[in-house]
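Would you mind keeping the following structure in view while I ask a few things?
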Amino acid sequence: MTDLKHLTNFVSVWLTQILSMAIPVIIILSLGRFYSVEEFGIYSVATSFMGAFGIFLTFGVANAVSYEAAVIDKEAKKKMSGIIVSGVIVFASFSIAGFFIIAIALFVLKYHWGIVLIIIMLGFGYWMMGARSLFAAVFLGMKEMSFTAIPAFGVLLATIIFVVPTIYFHKPLWQIAIVWSCCQGVGLVVILWLLYKKGFLTKPQMQRGQTFYLFKRSIGIGLDSVIYRLGANLTNILLPVYLTSYQIGVFNGAFKPFTLLVLGNQCCIQFFSPYIASERYRTKEAIENKLDMLHKLSTFFTLTILIIPLFFANSLCRLIFGDHLAVSAAYMQILTLGYLLYYIPPYSAPLKAIGLEWKVLWSSVTQVIVNLLGLIVLVPMWGIKGAVFSVVLAFTSYWIVNICLYRMEGLTAIKNNVSKYLGFALLTILSGWLIKQYVTQGLAGIILFLIAVIVLSLVVYWSGAERRMAFAYLKKLIGLTRDGK
């Protein structure tokens with residue numbers, strides 16, 4: 001595969017992630033800015049519930065299809081069609097079970113009817129998102145990632161046309177939820193059309209036991225995804241038991257902006273996962289080379305973007321929410337510590353890509369247990385601060401278990417000089433502290449901080465070969481943009 005293809009795939013992953021995240025993030029942040037704190041808290045609980053339980057509708061089948069497609073010749077269209085058919089069968093089974101699980105969870109949690117109504121409206125949209133991710137996984141596995149951006153753009157366009165006006169005219173929350181869900185159907189239609197045009201919706205060639213094998217892989221990946229999502233969203237799901245809607249709104253004023261800040265890390269993981277999966281049957285050295293590239297690029301985003309709230313949380317809160325949720329800034333600063341550990345190597349996603357999804361369950365289970373215990377013990381004692389500390393402890397435990405899993409598998413997360421990571425981290429922290437203390441704490445301070453750490457990274461973090469490679473890719477990207485491609 002050519003360097004230009006790698007570049008196109010990387011840009012496509014970024015574009016897809018940005019398009020997919022843009023509207024949900026804009027919706028939730030707009031609600032935090034223009035609706036009451038109580039309404040913001042209610043909608044946040046509903047989205048967190050679906051963020052955790054919506055995974056039951058797909059249960060890892062999209063990732064499994066992607067990993068299997070990565071080891072199939074993309075010209076073998078009948079085999080690829082067989083993977084799609086098996087994926088649809090597995091997806092249908094999970095969807096039926098998933099809706100029953102969601103209904104049971106709502107019965108047990110006994111949410112206020114307003115929250116339940118929003119969850120029901122969002123449920124249909126999450127199902128269509130799951131279906132779209134299943135079909136898009138074929139292109140991800142083939143490393144044809146540019147095709148995933150097209151349906152994402154369709155959803156974005158539909159949402160701008162139909163959802164944004166509902167927020168502008170301050171419509172009820174349930175109307176916003178149902179209009180957003182309907183817009184997800186656009187992406188599903190577009191991705192199916194692309195598969196048809198590429199010739200993958202043809203007579204399938206299915207191997208014996210293929211559907212069962214895919215089901216088994218999906219169960220392993222899905223269990224980890226369910227437990228992981230549950231751990232990440234457990235705080236919001238259980239907060240209505242302990243806190244008022246206003247307090248939940250304040251917590252989410254600190255929690256939700258990280259959805260934007262982790263974008264760079266998530267794009268790196270999404271981009272590298274199919275490449276790592278394609279090395280599954282090769283040498284450990286080949287796997288570790290891909291891991292090293294993933295970890296170094298993702299850590300760069302962690303120490304430049306994700307670290308910003310540690311110094312400029314107050315400025316970020318005011319920039320996103322105005323003065324509406326300025327009280328959330330102190331909690332955001334504490335949450336940053338947990339997110340920094342969460343997105344420092346090693347990560348669990350590469351282990352799933354090489355077929356170790358059942359072992360990765362240990363880190364997800366640990367996260368859920370620690371978060372649950374933290375909520376039960378700390379929230380009644382300290383309220384919002386207890387919820388924040390619970391999340392930080394859960395993230396920390398997840399990271400520690402990942403380290404143990406890598407050691408057990410004999411994988412080296414960082415092959416090259418670890419001192420570069422440590423040196424860059426120390427310089428980043430020092431730069432943020434100096435700018436905050438002696439220059440400015442506002443938006444200008446954030447911009448100055450980013451400029452400073454990017455310049456520092458060119459000196460202490462990236463090697464000469466890596467700098468030359470980055471500038472070469474940047475030159476190609478500029479050339480593609482100039483040519484209108």
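Identify the residue in the range 70-124 that is assigned to a loop (DSSP other than H, G, I, E, B) and farther than 30 Å from GLU38 by Cβ and, among all such residues, is most open to solvent (accessible area, probe 1.4 Å).
So the first thing to find is which residues in the range 70-124 are assigned to a loop (DSSP other than H, G, I, E, B), and the list is 70-76, 110-112.
Of the ones still in play, those that are also farther than 30 Å from GLU38 by Cβ are 70-76.
Working: ALA70: 15, VAL71: 62, ILE72: 39, ASP73: 98, LYS74: 83, GLU75: 127, ALA76: 29 Å².
Selected residue: GLU75.
Moving to a separate point now. Residue under question is PRO204, and the condition is that it be within 21 Å of VAL88 (Cβ to Cβ) and either in contact with a helix residue (DSSP H, G or I) (Cβ under 8 Å, 6 or more places away or on another chain) or touching a residue at least 24 places away in the same chain (Cβ under 8 Å) (or both); does it hold? Lay out the reasoning, then the answer.
Working: within 21 Å of VAL88 (Cβ to Cβ): yes; either in contact with a helix residue (DSSP H, G or I) (Cβ under 8 Å, 6 or more places away or on another chain) or touching a residue at least 24 places away in the same chain (Cβ under 8 Å) (or both): yes.
Considered against the rule, which asks whether it is within 21 Å of VAL88 (Cβ to Cβ) and either in contact with a helix residue (DSSP H, G or I) (Cβ under 8 Å, 6 or more places away or on another chain) or touching a residue at least 24 places away in the same chain (Cβ under 8 Å) (or both), PRO204 comes out as yes.
Could you identify the single residue in GLU39, GLU68 that is over 24 Å from ILE161 (Cα atoms) and over 17 Å from the mean Cα position of the chain (by Cα)? Step through it out loud before you land on a result.
Numbers: GLU39 fails: over 24 Å from ILE161 (Cα atoms).
Answer to the selection: GLU68.
I need the helices (runs of 4 or more DSSP H) fully contained in the range 175-279, keeping only those with at least 2 residues that are farther than 30 Å from MET381 by Cα and among the aliphatic types (A, V, I, L, M).
Details: elements: 210-242, 245-255, 258-261, 263-277.
In the range 175-279, the matching helices (runs of 4 or more DSSP H) lie at 210-242, 263-277.
Would you be able to tell me the number of residues in the range 382-395 that are farther than 15 Å from TYR242 by Cα and surrounded by fewer than 18 Cβ atoms within 10 Å (Cβ to Cβ)?
Total satisfying the criteria: 1.
Taking THR166, is it hydroxyl-bearing (Ser, Thr, Tyr) and open to solvent by less than 10 Å² (accessible area, probe 1.4 Å)? Give the steps one after another, and end with the answer.
Working: hydroxyl-bearing (Ser, Thr, Tyr): yes; open to solvent by less than 10 Å² (accessible area, probe 1.4 Å): no.
It is false that THR166 is hydroxyl-bearing (Ser, Thr, Tyr) and open to solvent by less than 10 Å² (accessible area, probe 1.4 Å).
Still on this structure: Report, ordered by the first and then the second residue, all pairs with beta carbons closer than 6 Å, sequence separation of six or more or different chains, a first member in the range 36-49 that is farther than 18 Å from THR259 by Cβ, and a second member that is of a type outside the set (Ser, Thr, Tyr) and open to solvent by less than 10 Å² (accessible area, probe 1.4 Å).
Between residues of the range 36-49 that are farther than 18 Å from THR259 by Cβ and residues that are of a type outside the set (Ser, Thr, Tyr) and open to solvent by less than 10 Å² (accessible area, probe 1.4 Å), the close pairs are VAL37/GLY249.
So, one more: Any idea which residue in the range 447-485 is modelled with the highest pLDDT, counting only those that are surrounded by 11 or more Cβ atoms within 10 Å (Cβ to Cβ) and polar (S, T, N, Q)?
Restricting to residues being surrounded by 11 or more Cβ atoms within 10 Å (Cβ to Cβ) and polar (S, T, N, Q), the top hit is SER457.
Give me the residue from the range 172-227 that is loosely packed, with under 15 Cβ neighbours inside 10 Å and of a type in the set (D, E, K, R) and, out of that set, nearest to the chain's Cα centre (by Cα).
Per the criteria, the residue is LYS197.
Additional query: Among the residues of the range 355-381, count how many are without any contact (Cβ under 8 Å) to a residue 12 or more places away in the chain and open to solvent by less than 30 Å² (accessible area, probe 1.4 Å).
Number satisfying all stated conditions: 0.
Then there is this: I'd like to check something: does the range 411-421 contain any residue that is in contact (Cβ under 8 Å) with a residue 12 or more places away in the chain, of a type outside the set (S, T, N, Q) and more than 26 Å from ILE454 (Cα to Cα)?
The first filter runs over the range 411-421 and keeps only residues in contact (Cβ under 8 Å) with a residue 12 or more places away in the chain, leaving 411-416, 420-421.
If we keep only those that are of a type outside the set (S, T, N, Q) too, we end up with 411, 413-415, 420-421.
Within this subset, residues satisfying the condition of being more than 26 Å from ILE454 (Cα to Cα) are 411.
Checking the range 411-421: at least one residue is in contact (Cβ under 8 Å) with a residue 12 or more places away in the chain, of a type outside the set (S, T, N, Q) and more than 26 Å from ILE454 (Cα to Cα).
Using the structure shown, decide if PRO240 is at negative phi and buried (at least 22 other Cβ atoms within 10 Å of the Cβ).
On the way: at negative phi: yes; buried (at least 22 other Cβ atoms within 10 Å of the Cβ): no.
No: the conditions fail for PRO240.
The values are calculated or read from the model by the stated rules, or taken from the named source; none is laboratory data. Here the structure is a predicted model, which means the values were calculated and not measured. Positions of Cβ are backbone-derived with ideal geometry, glycine not excepted, and every protein chain shown enters the neighbour counts. SASA here: full protein model, heavy atoms, side chains in, ligands and nucleic acids out. Shrake-Rupley method; radii C 1.70, N 1.55, O 1.52, S 1.80 Å.
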